[in-house]
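Structure, as structure tokens:
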Amino acid sequence: MKRIGLMGCGTVAGYGHLPALRDCPDWELAAIFEPDAGRLAAAKKKFNVPNAFQEVEPFFESGIDAIAITSPAPCHIQNVRDAVRYGKHILCEKPLAMNEAEAEEMIALTRDAGLMLFTGFTYRFGDEALKVKDLVDQGVIGDILSLRLIYIWNCHGRYEIDENGNRIEQRRREGRMLEGGPLVDCGVHQIDLARWWLGSEIVRFQSAGAWVQDYEAPDHVYLHLDHENGAHTMVELSYTYCHTSKDPVHLYSYDLIGTDGVIRYDGADDFVSVRAIDQTLTIPVNKGKNFPALYQAFARAVETGKRGNLATATDGLIATRIARTATDQAIAARVRPIAR
Ligand SMILES: NC(=O)c1ccc[n+]([C@@H]2O[C@H](COP(=O)([O-])OP(=O)(O)OC[C@H]3O[C@@H](n4cnc5c(N)ncnc54)[C@H](O)[C@@H]3O)[C@@H](O)[C@H]2O)c1
């Protein structure tokens, strides 16, 4: 069994990566790296990891074959440079990089060193996304003309509710806005899903946003993508939907509109529905992110060189480029209200 190390024991590592790796038959979770001593000790204990480091060198020299990067996006480039220096294969959380230049450097470094670098687009491994992919590939609704992907929530909006039920300023907001706001944080997933389902590159895009506070990035964004096969995708992303509401809700949906019908998934349901010319289907799904499947695919890729459904570093670069450029477009097009 191959040995893996993980860099960055924060939120997504705690609920997704570390539990999956602890229970994974394909990887031995051999080491973790985390600059924060308290988080390092807590993760070591909770996930029963034999080796835990606050220094990079001993982490990489602890006998690991590959690493998972789950640090904040601004740290990804240095984590990748270090991994390449020590000859490790890499699965890196999204967004792969802060900009295109960083992503290009990562690709060149790993290619020259003969190492694998994948982008952790977890949503590809969700049962609902895999079912959609199968249905599209089977041509159940003919040729896809339009996609409508909605991902709106309140998690990184201005406010959150603390453990005592009080509304306080959101503690994780600043970091996410520094990473580029909702298009870079969540939008990279939707951009990737649209390209992956359609198998068609994006040739043009346009975006617009709305601001709640004077952060550089907008809080609520519309992004329109044109694909080279003539299909188009509309993405709606928000950090602010319901963020001041007493009882916030979270909206997540996929709609694919084809020449012969519609495929729909609503995050509130546990099924994908198909309304085609000759049939109406309700297909049950085990909804949600699937980190075990992500790590199974990573193990297979390291062993066989076959990437399966894993997103490549180039997929990560393309999503990063579009999300960042579209965010800049929305910033440039911002309409500032006239003071009355
Ligand atoms: N795929 C998904 O569904 C998903 C979900 C949430 C977050 N993410 C992505 O995962 C990454 C981490 O997000 P998070 O919400 O867990 O962040 P977080 O801030 O909660 O955790 C990041 C951890 O990395 C540590 N860290 C800081 N500098 C580091 C370095 N140089 N090297 C290694 N670790 C370092 C921090 O101390 C912290 O413990 C981000 O890129 C984010 O966009 C992905």
- [ ] Could you tell me which residue of region 150-183 is surrounded by the fewest Cβ atoms within 10 Å (Cβ to Cβ), considering only residues that are away from the ligand (no atom under 15 Å from the Cβ) and closer than 30 Å to residue 260 by Cβ?
- [x] 150
TODO: Quick one: residue 139 ticks every box in (1) at pLDDT 95 or above; (2) at positive phi; (3) within 16 Å of the ligand (Cβ to nearest atom) except a single one, so which number is it?
DONE: (3)
Open item on the list: Residues to consider are 63, 87; find the one that is surrounded by fewer than 22 Cβ atoms within 10 Å (Cβ to Cβ) and in contact (Cβ under 8 Å) with a residue 60 or more places away in the chain.
Closed with: 63
Task: Residue satisfying all of: in region 8-33; within 12 Å of the ligand (Cβ to nearest atom) and assigned to a strand (DSSP E or B); farthest from residue 56 (Cα to Cα) among these - done: 32
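Which of the residues that make up region 184-215 are of a type in the set (Val, Ile, Thr) and either on the phi > 0 side of the Ramachandran plot or crowded, with 23+ Cβ neighbours inside 10 Å (or both)? Before you say what the answer is, go through the steps one by one.
We begin by selecting, within region 184-215, every residue of a type in the set (Val, Ile, Thr); these are 184, 188, 191, 202-203, 212.
Matches in region 184-215: 184, 188, 191.
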TODO: Return the pairs, sorted by first residue and then second, in which the second residue is in a helix (DSSP H, G or I) and within 10 Å of the ligand (Cβ to nearest atom), the first residue lies in region 12-37 and is in contact (Cβ under 8 Å) with a residue 40 or more places away in the chain, the beta carbons are less than 8 Å apart, and the residues are 6+ apart or on different chains.
DONE: 13/43; 16/122; 16/291; 17/291; 19/291; 20/291; 20/294
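Among the aliphatic types (A, V, I, L, M), in the same structural domain as residue 98 (by TED's automatic domain parsing) and within 13 Å of the ligand (Cβ to nearest atom): does that describe residue 66? Break it down stepwise before answering.
Working: among the aliphatic types (A, V, I, L, M): yes; in the same structural domain as residue 98 (by TED's automatic domain parsing): yes; within 13 Å of the ligand (Cβ to nearest atom): no.
Here the answer is no, as residue 66 does not meet what is asked.
With a cut-off of at least 3 residues that are over 27 Å from residue 181 (Cβ atoms) and modelled with pLDDT of 95 or more, name the strands (runs of 3 or more DSSP E) lying wholly within region 237-308. Before the answer, list the steps.
Numbers: elements: 251-258, 261-266, 271-276, 280-284.
Fully inside region 237-308 and qualifying: 261-266, 271-276, 280-284.
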Open item on the list: Pairs please, first residue from region 170-197 and assigned by TED's automatic domain parsing to the domain that holds residue 231 and modelled with pLDDT of 85 or more, second anywhere and near the ligand (Cβ under 9 Å from one of its atoms) and β-branched (Val, Ile, Thr), Cβ atoms under 8 Å, 6+ apart in sequence or on different chains.
Closed with: 189/122
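Does region 95-106 contain at least one residue that is within 8 Å of the ligand (Cβ to nearest atom) and farther than 19 Å from residue 302 by Cα?
yes
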TODO: Could you check residue 225 against (1) in a strand (DSSP E or B); (2) on the phi > 0 side of the Ramachandran plot and say which number it fails?
DONE: (2)
Open item on the list: Which numbered condition in (1) away from the ligand (no atom under 15 Å from the Cβ); (2) under 12 Å from residue 4 (Cα atoms) is the only one that residue 48 fails?
Closed with: (2)
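Just the residues that are under 14 Å from residue 116 (Cα atoms) and surrounded by 15 or more Cβ atoms within 10 Å (Cβ to Cβ), please, taken from region 308-324. Break it down stepwise before answering.
So in region 308-324, the residues under 14 Å from residue 116 (Cα atoms) come out as 308, 310-316.
310, 311, 312, 313, 315, 316, listed by residue number.
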Open item on the list: Can you pull out every residue in region 227-264 that is closer than 21 Å to residue 200 by Cα and hydroxyl-bearing (Ser, Thr, Tyr)?
Closed with: 233, 253, 254, 259
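The values are calculated or read from the model by the stated rules, or taken from the named source; none is laboratory data. Note that the structure is a prediction, hence the values are computed from the model and not measured. When we count neighbours, we look across all protein chains shown, and the Cβ atoms used for this are built from the backbone with ideal geometry, even at glycine.
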